[in-house]
């Protein structure tokens, strides 16, 4: 038990993380990755090609209510007391997230008509789990201190997916003010797990009108865990090589598939004042291969086992009270494993930002070209939201983006989200001729001691960016 | 321009340093070894209600002073009991409407019917209009918990202690166990 528990806590504590907000890359129009956050971004380059596997690596983690220090603080040795305190303090709406993206291929080019096409392949993992407050209390403390208090199994809600995304986007400048874009996506599912909309309560009542000290109720239990891409790995004795080959096959549409779209736009209210917005991953996955659904449902109540005196049935056999009890429980609380197809929606995200520029840049005069006025300094506010099983989760960012030269750009952001009110992030993007390297990290203060941090995010990448002279 | 070049390297180095030199401190991850879940579970056990009719031989109708029944508690053999049970507190309650006293014996037996643990107490005389409640709490502490882990059956035996009153009434039995675990 303990090794599993330790692993789980470490997993949640270190890896489970926030997630999908990429505020540092949003509206950074000199980077191709801004097109993934807003296909209607006002990009100012004419071509790009990412270094395969290195053009973007992103990992972000978040825990809205607890960090490692809360549990493993070395000045307080009673770890179980700290675990219990954390379980009591957390609410059913606290959550843990992990998001990771690895760009495998990325490239884009400007067409003669001025439109910018971008395409690529990336692998994505997204895990999200609400804290299962009541089941955690039941497991940690039992029902003794919670008589007549229901343990609500609707607290169990989690999703997880690993997939490869193939995408092609187009960015079109409609006029001086408006740029729009769209990106079509094909999803190739590797793994999916989803357990949402669960219901049911377990209650122990000490009602004086019942015949025993307590009556136990399992009411309206309906728990369902859908999985795809799990059963074959779990049930068969595949070797590591076979499993790897299977996972690769799924990455190339050998498993479950889906499709989605990103939409975005930039509108210039003035030369130095613009609003941008995007909706990402309006997408659906059809889980049809290697599907297994685990169901537990029903209603039951019991006062205990009732012996009849004497202890022999009419045929002189001992009455198998326990077997009868188990049969009754099994008749009323059913446990099934099915293979039913299901669909899942991608966690849709939106971005909206307003940006103001000052200190205009001066470019070399060339009468053959039209110039868009650009500014050395940009300040803005950015609202991000992501749809989760119970609600939207939001993050509000304000930022200062400074272009020091054609080769160096930095962006400082301050974000308020469910994890922190003092999340300061920094992006640095630099170019050596056509070669671009960028690194962005959120919640910088947290890096000084990750144990006390409830979120961390890192994005790093390198690519070649081309600009016509 | 030279200022920018001057700035470029320090900013990148700073960001790299923050990310690469990030650390985890002031915590002791060895404490994971000490993490234990310690739920206290209240579980209803047996419940019954006997009348004078239950003290008659089924075949002959003759009065039987002693009645008993055996219930297998299969969960006592489950791994979570065998590996992680630390203490048990049994609570028994009789509510007696009979104008007689009873002697009660509750035994926990192994698969081979060896008595692992037993307890005996008298049930106070009651009255059909004024039932009397007899409570008994039996605590099995950690040092003796194997007697429960080795058990699989629970036997309840009730013996009437006759007197001059008419044997008529009702005897209600309630029981529960407070199982404390350390996973």
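The values are calculated or read from the model by the stated rules, or taken from the named source; none is laboratory data. Not measured: the values here are computed from a predicted model. In this analysis, Cβ positions are derived from the backbone assuming ideal geometry, glycine residues included, and neighbour counts consider all displayed protein chains.
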Please go through the range A:409-436 and pick out each residue that is assigned to a loop (DSSP other than H, G, I, E, B) and either within 11 Å of another protein chain (Cβ to nearest Cβ) or at pLDDT 90 or above (or both).
-> A:434
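Take the range A:92-117 and flag every residue that is farther than 28 Å from residue A:417 by Cβ and in a strand (DSSP E or B).
Residues satisfying the conditions are A:104, A:105, A:107, A:108, A:109, A:110, A:116, A:117.
Looking only at the range A:122-137, how many residues end up being more than 18 Å from residue A:95 (Cα to Cα) and surrounded by fewer than 19 Cβ atoms within 10 Å (Cβ to Cβ)?
So the answer is 1.
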Among the numbered criteria (1) more than 10 Å from chain A (Cβ to nearest Cβ); (2) within 14 Å of residue B:159 (Cα to Cα), which single criterion is violated by residue B:64?
-> (1)
Residue, surrounded by the fewest Cβ atoms within 10 Å (Cβ to Cβ), within the range A:51-75, restricted to residues that are assigned to a loop (DSSP other than H, G, I, E, B) and touching a strand residue (DSSP E or B) at 6+ places or on another chain (Cβ under 7 Å) | A:53
Hey, residue B:181 hits all of (1) farther than 20 Å from residue B:47 by Cβ; (2) away from chain A (no Cβ under 12 Å) but one; which does it fall short on?
-> (2)
Test residue A:326 against the criterion of being out of contact with any strand residue (DSSP E or B) (no Cβ under 6 Å at 6 or more places or on another chain), modelled with pLDDT of 90 or more and within 14 Å of chain B (Cβ to nearest Cβ), and give yes or no.
-> yes
Of all residues making up the range A:374-392, the number that are in a strand (DSSP E or B), within 30 Å of residue A:196 (Cα to Cα) and in contact (Cβ under 8 Å) with a residue 60 or more places away in the chain = 3
Filtered residues of the range A:60-93 (kept if within 22 Å of residue A:443 (Cβ to Cβ) and either within 9 Å of chain B (Cβ to nearest Cβ) or out of contact with any helix residue (DSSP H, G or I) (no Cβ under 8 Å at 6 or more places or on another chain) (or both)) = A:60, A:62, A:64, A:68, A:69, A:71, A:72, A:73, A:89, A:93
Taking residue A:233 and the conditions (1) in contact with a helix residue (DSSP H, G or I) (Cβ under 7 Å, 6 or more places away or on another chain); (2) modelled with pLDDT of 80 or more, which numbered condition does it fall short on, given that it satisfies the others?
-> (2)
Hey, can you tell me all the residues within the range A:200-216 that are surrounded by 18 or more Cβ atoms within 10 Å (Cβ to Cβ) and free of Cβ contacts under 8 Å to residues at least 12 places away in the same chain?
-> A:213
Give the range A:393-408 a look and list any residue that's surrounded by 15 or more Cβ atoms within 10 Å (Cβ to Cβ), within 14 Å of another protein chain (Cβ to nearest Cβ) and either part of a strand (DSSP E or B) or under 13 Å from the mean Cα position of the chain (by Cα) (or both), or say none.
-> A:401, A:402, A:403, A:404, A:405, A:408
Sole residue being at the interface with chain A (Cβ under 7 Å from one of its Cβ atoms), in contact with a helix residue (DSSP H, G or I) (Cβ under 8 Å, 6 or more places away or on another chain) and either at positive phi or at pLDDT below 70 (or both), chosen from B:24, B:18 = B:18
Could you give me the residue pairs with C-beta distances under 7 Å whose first residue belongs to the range A:129-146 and is without any contact (Cβ under 8 Å) to a residue 40 or more places away in the chain and more than 7 Å from chain B (Cβ to nearest Cβ), whose second residue is assigned to a helix (DSSP H, G or I) and surrounded by 20 or more Cβ atoms within 10 Å (Cβ to Cβ) wherever it lies, and which are 6+ apart or on separate chains?
-> A:135/A:153
Where in the range B:77-134 are the strands (runs of 3 or more DSSP E), entirely inside, with at least 3 residues that are surrounded by 16 or more Cβ atoms within 10 Å (Cβ to Cβ) and within 14 Å of chain A (Cβ to nearest Cβ)?
-> B:85-96, B:101-109
Which ranges mark the strands (runs of 3 or more DSSP E) fully within the range A:211-312 that have 2 or more residues being in contact with a strand residue (DSSP E or B) (Cβ under 9 Å, 6 or more places away or on another chain) and within 14 Å of another protein chain (Cβ to nearest Cβ)?
-> A:215-228, A:291-302
